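Comments concern the structure below.
The values are calculated or read from the model by the stated rules, or taken from the named source; none is laboratory data. Keep in mind that what you see is a predicted model, and the values were worked out from it rather than measured. Every residue, glycine as well, gets a Cβ built from its backbone with ideal geometry; the counts of neighbours run over all protein chains shown. Note: areas computed on protein heavy atoms with side chains; ligands, DNA, RNA excluded. Shrake-Rupley method; radii C 1.70, N 1.55, O 1.52, S 1.80 Å.
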Amino acid sequence: MQSGLKFMLMVLLTLASCKTENKREIKTEAITFTKEGELSIFRKDSLLTKLDIEIADTEYETQTGLMYRETMLENQAMLFIFQDVEVHSFYMKNTQIPLDIIYIDDNLQIASFQKNAQPFDEKGLSSQVPVKYVLEVTAGLSDNLGLSLGDQIEFSKN
């Protein structure tokens with residue numbers, strides 16, 4: 001009698017573990033760029049470039065950043081605006097686009113760089129100095145423009 005009970009229990013467990021439903025495919029829409037302002041980068045009195053920016057200034061936006069984006073044009077960027085001035089660290093978790101991360105102090109001057117940050121890399125990329133703003137652009141843009149420490153930015157929101 002016990003062997004019959006064991007057999008029935010095994011059959012029930014086998015049936016319970018088999019799924020007859022098809023898995024539903026989860027579809028997500030691509031996250032696209034939303035222009036929320038413009039940012040200019042200067043060296044002394046010379047304009048180096050003008051970029052369309054998306055602004056991350058809420059906790060959710062600053063934590064998510066450019067995650068899950070498939071593309072970003074060279075004239076587009078994301079500007080992170082923090083409430084505090086301190087050393088900030090970024091990582092590339094769930095970020096599909098290689099980026100240059102430009103750290104900007106509270107005087108709107110470039111304070112440090114992390115160039116060519118690689119997609120999906122979870123290593124922390126520190127500003128190494130206290131900053132209030134962070135600008136993410138496509139990888140290589142900071143070298144193409146010849147950006148350097150002390151270059152100035154200004155931005156406006158739409």
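For the reader, a short list of remarks on this structure follows.
- Considering residues of the stretch 70-100 that are hydrophobic (A, V, I, L, M, F, W, C) and part of a loop (DSSP other than H, G, I, E, B) only, the residue surrounded by the most Cβ atoms within 10 Å (Cβ to Cβ): 92
A quick yes/no check of all residues on (1) surrounded by 20 or more Cβ atoms within 10 Å (Cβ to Cβ); (2) more than 23 Å from residue 44 (Cβ to Cβ); (3) charged (D, E, K, R):
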| site | (1), (2), (3) |
| --- | --- |
| 120 | no, yes, no |
| 123 | no, yes, yes |
| 142 | yes, no, no |
| 147 | yes, no, no |
| 152 | no, no, no |
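- Pairing residues of the stretch 98-125 that are closer than 14 Å to residue 77 by Cβ with residues that are open to solvent by 70 Å² or more (accessible area, probe 1.4 Å) and charged (D, E, K, R), at Cβ distances under 6 Å and at least 6 apart in sequence or on separate chains, gives 100/115.
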